[in-house]
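The values are calculated or read from the model by the stated rules, or taken from the named source; none is laboratory data. This is a predicted model, so every value here is computed, not measured. Please note: Cβ atoms are built from the backbone with ideal geometry, for glycine as well, and neighbour counts cover all protein chains shown. For accessibility, only protein heavy atoms count, side chains too; no ligands or nucleic acids. Shrake-Rupley method; radii C 1.70, N 1.55, O 1.52, S 1.80 Å.
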Amino acid sequence: SPNNSAADAAGDIDVSRGNRIPGIPAHPLKLQAEWSVLPAWTLTATMNEAARQFVRGDENNADTAGMLPSYRIFNLGSSHDLGRGWDLLLKIDNLFNRGYQSFGVLGRNFFTGPGQAFDAAAAAAGQFRTPGAPRAAWLYLRYALSGKTG
């Protein structure tokens, strides 16, 4: 990757055995708990956690821009069996509206001019990050033709 700060004059980097693969957190963790409040009403809580991870283009794990930070998000769900194949569901993702980045890549930033204007002559290597999804909520009604779907 020519945008890696450890690249040589030809834009090559030395990747060694044992370097972490970019985009894959060293320690992902997913937990889910489900509680049957009533026979027809269930609450679900999930936690998704990802440890720090290297960005694409940093296969040698040596770029000075560093890694994406770790993150932890929580989701909630509720379902109520209304009978006769009908269910009422509520889903809330990223309950606490935590800002996080889920992916990154090394690239060339051409917006380095005054006020972040385009300036091809002053383009510089940088890290581009994909923001994680903000809080979102859904309320929906589901009908199963053959009764319960599981």
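I'd like to know if segment 29-42 contains one or more residues that are within 22 Å of SER5 (Cα to Cα) and surrounded by fewer than 16 Cβ atoms within 10 Å (Cβ to Cβ).
Step one: filter segment 29-42 for residues within 22 Å of SER5 (Cα to Cα), giving none.
No: segment 29-42 contains no residue that is within 22 Å of SER5 (Cα to Cα) and surrounded by fewer than 16 Cβ atoms within 10 Å (Cβ to Cβ).
Please pick out the residue among ILE13, ILE92 that is aliphatic (A, V, I, L, M), closer than 30 Å to LEU139 by Cα and either touching a residue at least 24 places away in the same chain (Cβ under 8 Å) or assigned to a strand (DSSP E or B) (or both). Can you show your working first?
Details: ILE13 fails: closer than 30 Å to LEU139 by Cα.
Selected residue: ILE92, the only one of ILE13, ILE92 that is aliphatic (A, V, I, L, M), closer than 30 Å to LEU139 by Cα and either touching a residue at least 24 places away in the same chain (Cβ under 8 Å) or assigned to a strand (DSSP E or B) (or both).
Residue-wise test of (1) farther than 30 Å from ALA124 by Cα; (2) in a loop (DSSP other than H, G, I, E, B); (3) in contact (Cβ under 8 Å) with a residue 60 or more places away in the chain.
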position	(1), (2), (3)
SER5	no, yes, yes
ALA9	no, yes, no
ILE21	no, yes, no
THR44	yes, no, no
GLY77	yes, no, no
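Among the listed residues ASN94, ASN48, which satisfies the condition of being within 14 Å of the chain's Cα centre (by Cα) and at positive phi?
Values: ASN48 fails: at positive phi.
Of ASN94, ASN48, the one residue that is within 14 Å of the chain's Cα centre (by Cα) and at positive phi is ASN94.
So SER79 ticks every box in (1) open to solvent by less than 80 Å² (accessible area, probe 1.4 Å); (2) closer than 29 Å to GLY11 by Cα; (3) of a type in the set (S, T, N, Q) but one. Which box is left unticked?
Only one criterion in (1) open to solvent by less than 80 Å² (accessible area, probe 1.4 Å); (2) closer than 29 Å to GLY11 by Cα; (3) of a type in the set (S, T, N, Q) is unmet by SER79, namely (2).
Collect the residues in segment 61-76 that are of a type in the set (D, E, K, R) and buried (at least 17 other Cβ atoms within 10 Å of the Cβ), keeping them in residue-number order. Break it down stepwise before answering.
Here is the first cut: in segment 61-76, the ones of a type in the set (D, E, K, R) are 63, 72.
Residue satisfying the conditions is ASP63 alone.
Any residue at all in segment 54-68 that's of a type in the set (D, E, K, R), within 30 Å of GLY23 (Cβ to Cβ) and part of a strand (DSSP E or B)?
Our first condition is that a residue be of a type in the set (D, E, K, R); within segment 54-68, this holds for 56, 58-59, 63.
Adding the requirement that they be within 30 Å of GLY23 (Cβ to Cβ) leaves 56, 58-59, 63.
Right, trim to part of a strand (DSSP E or B) and you get 56.
Yes, because at least one residue in segment 54-68 is of a type in the set (D, E, K, R), within 30 Å of GLY23 (Cβ to Cβ) and part of a strand (DSSP E or B).
Taking ASN97 as meeting all but one of (1) assigned to a loop (DSSP other than H, G, I, E, B); (2) crowded, with 17+ Cβ neighbours inside 10 Å, write down the number of the exception.
Exception for ASN97: condition (2).
I need a count of the residues in segment 101-150 that are open to solvent by less than 50 Å² (accessible area, probe 1.4 Å), at pLDDT 90 or above and closer than 30 Å to ARG84 by Cβ.
2
Among the residues of segment 48-60, are any surrounded by fewer than 16 Cβ atoms within 10 Å (Cβ to Cβ), over 17 Å from GLN101 (Cα atoms), out of contact with any Asp or Glu (no Cβ under 8 Å at 6 or more places or on another chain) and not hydroxyl-bearing (Ser, Thr, Tyr)?
Checked segment 48-60: no residue is surrounded by fewer than 16 Cβ atoms within 10 Å (Cβ to Cβ), over 17 Å from GLN101 (Cα atoms), out of contact with any Asp or Glu (no Cβ under 8 Å at 6 or more places or on another chain) and not hydroxyl-bearing (Ser, Thr, Tyr).
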